[in-house]
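Student: Before I ask anything, let me first share the structure, which is written out below as structure tokens.
The values are calculated or read from the model by the stated rules, or taken from the named source; none is laboratory data. What you see is a predicted model, and the numbers here were worked out from it, not measured in a lab. Here the Cβ positions follow ideal geometry from the backbone for every residue, glycine too, while neighbour counts run over all protein chains shown. What goes into the accessible areas is simple: the full protein's heavy atoms, side chains included, and nothing from ligands, DNA or RNA. Shrake-Rupley method; radii C 1.70, N 1.55, O 1.52, S 1.80 Å.
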Amino acid sequence: MRSMIDVLDFSVEELQELIDTANDIIEHPAAYSERCHGKKLATLFFEPSTRTRLSFEAAMYELGGNVIGFSEAASSSAAKGESVADTAKVISCYADIIAMRHPKEGAPLVAAMNASIPVINAGDGGHNHPTQTLADLLTIYREKGGFENLTLGFCGDLKFGRTVHSLINAMSRYPGTKVVLISPEELKLPSYVKKDVLAAKGVPYVQTTDLEGAMPELDILYMTRVQRERFFNEEDYLRLKDSYILTPEKLKNARKDLSIMHPLPRVNEISVAVDDDPRACYFKQVLYGKYMRMALILKLLKEAGRL
Ligand code: NCD
């Protein structure tokens, strides 16, 4: 059964196919409004989320389908001690496709191994978040016209930021990608991502603490929130939370065609004064996320023979 657990589960060609479908949905939404009539998406969210869960739900409704599910572990049988494997088997009897978010790395993979319907990883701990990457890729495609020869700056919590890990994975497959890693010492990109992804694919990268110094060479600046829920103690979080705050002043030396991205939710990392800058893309990114999730649901349901 085809699932999406990691963005690398899909080839570059398949990702392009999703982008093409999403662009077609944007052009002709009415043509898609009944495609999933009678189908059910189960949203199994063992960890809080507004954007991602509602984005999946909106995506399924815009395809004419229905949604069942829960939005916190406390209201699921996990509270009674049920395993993820059993939950996946049970939900397979009720729904056509699952979107799962879980605080434990690997939980959606376990679900996929046990479900008889496709499973979409909607974020597993500090590991991966492939559908946010789909939103990010459509944003990059529409802003830049393609994926080749781009220099991406990732800024903030590169240690726990799963959206960063997934996007680096995806972008490392396109020729000419360069990466600038901007973070405090304590929140540097994990060495497994540097070694297994960047070094293994021969992607040139530099690490720095200096956002303004890196600014002039960037095509894309990907800001991130410091992931409070993954810290072992509050003191460290408080010390690091405001390490980087993007202001109009700090954009002085940025390129005219820079794209400023952020997976949201934003805390303090981008001043609201930046929102009116035409280079700010983070609210478009949210909208694109819904269209890419629609494209993904269609593809997985078709491959599962359910459409
Ligand atoms: C991200 C996440 O959940 O990892 N949010 C999202 O899905 N858009 C980023 C974050 O929570 O900071």
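Student: What is the number of the single condition among (1) open to solvent by less than 70 Å² (accessible area, probe 1.4 Å); (2) within 16 Å of the ligand (Cβ to nearest atom); (3) modelled with pLDDT of 95 or more that PHE283 does not meet?
Tutor: Among (1) open to solvent by less than 70 Å² (accessible area, probe 1.4 Å); (2) within 16 Å of the ligand (Cβ to nearest atom); (3) modelled with pLDDT of 95 or more, PHE283 violates only (1).
Student: Continuing with the same structure: What strands (runs of 3 or more DSSP E), lying completely within segment 52-164, carry at least 1 residues that are touching a Gly at 6+ places or on another chain (Cβ under 6 Å)?
Tutor: Working: elements: 66-70, 97-102, 119-124, 151-155.
Those strands (runs of 3 or more DSSP E) span 97-102.
Student: For SER49, only one of the following conditions fails: (1) more than 16 Å from the ligand (Cβ to nearest atom); (2) surrounded by fewer than 20 Cβ atoms within 10 Å (Cβ to Cβ). What is its number?
Tutor: (1)
Student: If you check LEU138, LEU181, which single one turns out to be modelled with pLDDT of 95 or more and away from the ligand (no atom under 16 Å from the Cβ)?
Tutor: Just a single option satisfies the conditions, and that option is LEU181.
Student: Kindly check whether there is at least one residue in segment 229-243 that is open to solvent by less than 70 Å² (accessible area, probe 1.4 Å), out of contact with any helix residue (DSSP H, G or I) (no Cβ under 7 Å at 6 or more places or on another chain), free of Cβ contacts under 8 Å to residues at least 24 places away in the same chain and not basic (Lys, Arg).
Tutor: yes
Student: Which of (1) within 16 Å of the ligand (Cβ to nearest atom); (2) surrounded by fewer than 22 Cβ atoms within 10 Å (Cβ to Cβ); (3) among the basic types (Lys, Arg) does ARG101 not meet, given it meets every other one?
Tutor: For ARG101, the failing item is (2).
Student: I need the full set of residues from segment 68-82 which are closer than 18 Å to LEU109 by Cβ and free of Cβ contacts under 8 Å to residues at least 24 places away in the same chain, in order please.
Tutor: Result: GLU82, single match.
Student: When you scan segment 142-166, how many residues do you find that are in contact (Cβ under 8 Å) with a residue 60 or more places away in the chain, more than 12 Å from the ligand (Cβ to nearest atom) and aromatic (Phe, Trp, Tyr)?
Tutor: 1
Student: Filtering segment 27-46 down to residues that are loosely packed, with under 15 Cβ neighbours inside 10 Å and in contact (Cβ under 8 Å) with a residue 24 or more places away in the chain, which residue is nearest to the ligand (Cβ to nearest atom)? If you could, list the steps in order and put the result at the bottom.
Tutor: Of the residues in segment 27-46, the ones loosely packed, with under 15 Cβ neighbours inside 10 Å are 27-31, 33-34, 37-38.
Narrowing further to those that are in contact (Cβ under 8 Å) with a residue 24 or more places away in the chain: 29, 33-34, 37-38.
Numbers: PRO29: 22, SER33: 25, GLU34: 28, HIS37: 28, GLY38: 28 Å.
Applying the filter and picking the extreme gives PRO29.
Student: For PRO108, state whether it is within 16 Å of the ligand (Cβ to nearest atom), buried (at least 24 other Cβ atoms within 10 Å of the Cβ), assigned by TED's automatic domain parsing to the domain that holds ILE297 and over 26 Å from ASN23 (Cβ atoms).
Tutor: yes
Student: Take SER83 and decide whether it is over 19 Å from the mean Cα position of the chain (by Cα) and of a type outside the set (Val, Ile, Thr). Reasoning before the result, please.
Tutor: Numbers: over 19 Å from the mean Cα position of the chain (by Cα): yes; of a type outside the set (Val, Ile, Thr): yes.
So SER83 passes the test.
Student: With respect to the numbered conditions (1) closer than 30 Å to GLU62 by Cβ; (2) over 18 Å from the mean Cα position of the chain (by Cα), which one is the sole condition not fulfilled by ARG239?
Tutor: (1)
Student: Sticking with this one: Given the criteria open to solvent by less than 50 Å² (accessible area, probe 1.4 Å), under 18 Å from the mean Cα position of the chain (by Cα), outside the structural domain of ASN121 (by TED's automatic domain parsing) and among the small types (Gly, Ala, Ser), does ALA170 qualify?
Tutor: Numbers: open to solvent by less than 50 Å² (accessible area, probe 1.4 Å): yes; under 18 Å from the mean Cα position of the chain (by Cα): yes; outside the structural domain of ASN121 (by TED's automatic domain parsing): yes; among the small types (Gly, Ala, Ser): yes.
So ALA170 passes the test.
Student: Output the number of the condition that ILE68 fails; it satisfies all remaining conditions of (1) open to solvent by 20 Å² or more (accessible area, probe 1.4 Å); (2) out of contact with any strand residue (DSSP E or B) (no Cβ under 6 Å at 6 or more places or on another chain); (3) not hydroxyl-bearing (Ser, Thr, Tyr).
Tutor: Checking ILE68 against (1) open to solvent by 20 Å² or more (accessible area, probe 1.4 Å); (2) out of contact with any strand residue (DSSP E or B) (no Cβ under 6 Å at 6 or more places or on another chain); (3) not hydroxyl-bearing (Ser, Thr, Tyr), the one that fails is (2).
Student: Buried (at least 24 other Cβ atoms within 10 Å of the Cβ), in the same structural domain as VAL12 (by TED's automatic domain parsing), within 29 Å of TYR205 (Cα to Cα) and within 16 Å of the ligand (Cβ to nearest atom): does that describe GLY123?
Tutor: So GLY123 passes the test.
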